[in-house]
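Visitor: This is the structure I want to talk about, given as structure tokens.
The values are calculated or read from the model by the stated rules, or taken from the named source; none is laboratory data. As the structure is a computational prediction, the values presented were derived from the model and not from experiment. Every residue, glycine among them, receives a Cβ derived from its backbone with ideal geometry; neighbour counts consider all protein chains shown. Protein only, heavy atoms only, side chains kept; ligands, DNA and RNA dropped before computing areas. Shrake-Rupley method; radii C 1.70, N 1.55, O 1.52, S 1.80 Å.
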Amino acid sequence: MKTSEGIKALGLISGGLDSTLAAKVLMEQGIEVHGLNFSTGFCSNDQRRALGRAGEEPHRLRNEALRAGADLGIEVEIVPVEKDYFGIVVNPKFGHGAHMNPCIDCRIFMLKKAKDRMDQVGGHFLFTGEVLGQRPMSQHLAALQTIEKEAGLEGLLLRPLSAHHLPETIPEKKGWVDRARLLAIAGRSRRGQLALAQTFQIAEFPQPSGGCCSLTDDTFSRRLRDVLDHQVPFEPGTQDPVLLKVGRHFRVSHQVKLVVGRDETENQFLERLRRGRWCFEVPDAGSPLVLVQGEPDDELRKLIAAIAARYSSRRSERLVEVQASKDERSEMIRVAPAADTFLEQCRI
Amino acid sequence: MGFFCPIPIIKTNARIRGMQEGETLEVISDDRVILVDLPNWCRGTGHEYLGYLEDEREIHLFVKKRGRKASPSQGKERESLK
Ligand code: SF4
């Protein structure tokens, strides 16, 4: 007998189609659904918002989890976890994926947090939109089982979209959820999900290829690795992760790296971070703002000036005057623009 | 002010929890995407989105605390209060 009345499920809602469908499948059975969305500090959408590029259409930068909650008519609670989460990015028990993405640890981390929340709000079980075999690293059968076990959720984690491929869970055994009305979707094809979306008349959802996680991005991951290798101060949940998205990055010594703005928006963003740091620019020219992390000596300041000159509108001149300043201190440095071959050697 | 997604929503949620039903919260932000996110958050939580006022620097958005879930479409069509 099905007894879903008074049963509350908490689910990880990203706003993507899979988690939306998983929630909907349970809601159709009369289960009360509460969404959770963890703010890790590595969502590229959030980073684009912090950069504040003019003319970006607000709808394209909206929080998709909130949009999904609105469409489903359920609360999606956004939970900030940036500082704790960074620990598993740096040192994941199950390793990184192709880049800095610790997908298995990430799922375990989120599910543990979700379990805590479930206990606080009197929830009965958790669910996710995971689909067996959809992602090579974190959604094959062994990975799904590891994730469940490591999160301390054996039997209490329901994946409604792939339930028929997985062992029966406690909510199914207890009759809170009717297993017959769960699904048997598996693999990378999206056909099953798209058909279900049509059935439920879910028209709005972000494309799965969009990928909101910066940790799967090659350039971002390389820069994050550099930050860790060179012990650059880095605080998740601040502008530090956003800075890894902005501009061209060069490392000129173990202690010193620089970020060269590529356009007005990036220059303005770097400008906001200049207090207490060296900045370089070419006066009276089209010039990037060059923000320095670390304390460059005289030689390095010349080198950085040469890089600033290279990216200015005076790059073809033999010698260029570059202004270097840090708070009240300011000096002019006359240098030849840096050669591209040199830039390639120190580009991060 | 000066905060970006998802911090304004987290702060709004924390603040509204301590309020009485029927009280109105004013959210001040300089992130234009809040004009999409806050109404969406209201539609999900059932709080009532009353609309917004805007000047050159800031957006002022107003939310009335509701204790009961409203319909999913509630708040969807609200426009500027100006
Ligand atoms: S892609 Fe990013 S957010 Fe998604 S599971 Fe992997 S690490 Fe976590």
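Visitor: May I ask you to list the residues in the range A:185-212 that are open to solvent by 60 Å² or more (accessible area, probe 1.4 Å) and either more than 16 Å from the ligand (Cβ to nearest atom) or among the aromatic types (Phe, Trp, Tyr) (or both)?
Guide: Those that are open to solvent by 60 Å² or more (accessible area, probe 1.4 Å) and either more than 16 Å from the ligand (Cβ to nearest atom) or among the aromatic types (Phe, Trp, Tyr) (or both): A:Arg191, A:Leu194, A:Gln198, A:Thr199, A:Gln201, A:Ala203, A:Glu204.
Visitor: Considering only residues that are of a type in the set (S, T, N, Q) and either open to solvent by less than 40 Å² (accessible area, probe 1.4 Å) or facing another protein chain (nearest Cβ under 10 Å) (or both), which ones fall in the range B:5-21?
Guide: If the condition is that a residue be of a type in the set (S, T, N, Q) and either open to solvent by less than 40 Å² (accessible area, probe 1.4 Å) or facing another protein chain (nearest Cβ under 10 Å) (or both), then B:Thr12, B:Asn13 are the ones that fit.
Visitor: Do you know which residues across the range A:28-58 are open to solvent by 50 Å² or more (accessible area, probe 1.4 Å) and not in a loop (DSSP other than H, G, I, E, B)?
Guide: Answer for the range A:28-58, where residues must be open to solvent by 50 Å² or more (accessible area, probe 1.4 Å) and not in a loop (DSSP other than H, G, I, E, B): A:Glu32, A:Arg48.
Visitor: I would also like to ask the following. Of A:Asp217, A:Asp240, A:Asp229, which residue is over 30 Å from A:Asp18 (Cα atoms), within 22 Å of the chain's Cα centre (by Cα) and surrounded by 13 or more Cβ atoms within 10 Å (Cβ to Cβ)?
Guide: Going through A:Asp217, A:Asp240, A:Asp229 in turn, just one is over 30 Å from A:Asp18 (Cα atoms), within 22 Å of the chain's Cα centre (by Cα) and surrounded by 13 or more Cβ atoms within 10 Å (Cβ to Cβ): A:Asp240.
Visitor: I've got another one for you. Confirm whether A:Ser14 is open to solvent by 30 Å² or more (accessible area, probe 1.4 Å), at pLDDT 85 or above and polar (S, T, N, Q).
Guide: When the stated conditions are applied, A:Ser14 passes them.
Visitor: Could you grab me the full set of residues in the range B:18-47 that are part of a loop (DSSP other than H, G, I, E, B) and without any contact (Cβ under 8 Å) to a residue 40 or more places away in the chain?
Guide: B:Gly18, B:Asp30, B:Asp31, B:Arg32, B:Val33, B:Gly46, B:His47 - these are the residues of the range B:18-47 that are part of a loop (DSSP other than H, G, I, E, B) and without any contact (Cβ under 8 Å) to a residue 40 or more places away in the chain.
Visitor: Please go through the range A:93-123 and give me each residue that is touching a Leu at 6+ places or on another chain (Cβ under 8 Å) and more than 12 Å from the ligand (Cβ to nearest atom), ordered by number.
Guide: Of everything in the range A:93-123, those that are touching a Leu at 6+ places or on another chain (Cβ under 8 Å) and more than 12 Å from the ligand (Cβ to nearest atom) turn out to be A:Lys113, A:Ala114, A:Lys115, A:Arg117, A:Met118, A:Val121, A:Gly123.
Visitor: In addition: Counting only residues that are under 22 Å from A:Gly55 (Cβ atoms) and in contact (Cβ under 8 Å) with a residue 40 or more places away in the chain, how many does the range A:265-280 have?
Guide: Matching residues across the range A:265-280 total 4.
Visitor: Same structure again: So how many residues does the range B:22-48 have that are under 9 Å from the mean Cα position of the chain (by Cα) and more than 10 Å from chain A (Cβ to nearest Cβ)?
Guide: The number of residues fulfilling the criteria is 4.
Every residue, every condition in (1) assigned to a strand (DSSP E or B); (2) in contact (Cβ under 8 Å) with a residue 40 or more places away in the chain; (3) of a type in the set (S, T, N, Q); (4) within 23 Å of A:His230 (Cα to Cα), yes or no:
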site: A:Gly286; (1), (2), (3), (4): no, no, no, no
site: A:Leu300; (1), (2), (3), (4): no, yes, no, yes
site: A:Ala305; (1), (2), (3), (4): no, no, no, yes
site: A:Phe342; (1), (2), (3), (4): no, no, no, yes
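Visitor: Output the residues belonging to the range A:243-285 that are open to solvent by 30 Å² or more (accessible area, probe 1.4 Å) and of a type in the set (Gly, Ala, Ser).
Guide: A:Ser253, A:Gly276, A:Ala285
Visitor: Which ones in the range A:84-107 are charged (D, E, K, R) and either open to solvent by less than 20 Å² (accessible area, probe 1.4 Å) or within 14 Å of chain B (Cβ to nearest Cβ) (or both)?
Guide: Selection gives A:Asp105 alone.
Visitor: Provide a single number: the residues in the range B:48-65 that are at pLDDT 95 or above and not small (Gly, Ala, Ser).
Guide: Matching residues across the range B:48-65 total 11.
Visitor: Tell me yes or no: at least one residue of the range A:134-142 is away from chain B (no Cβ under 14 Å) and more than 14 Å from the ligand (Cβ to nearest atom).
Guide: There is at least one residue in the range A:134-142 that is away from chain B (no Cβ under 14 Å) and more than 14 Å from the ligand (Cβ to nearest atom).
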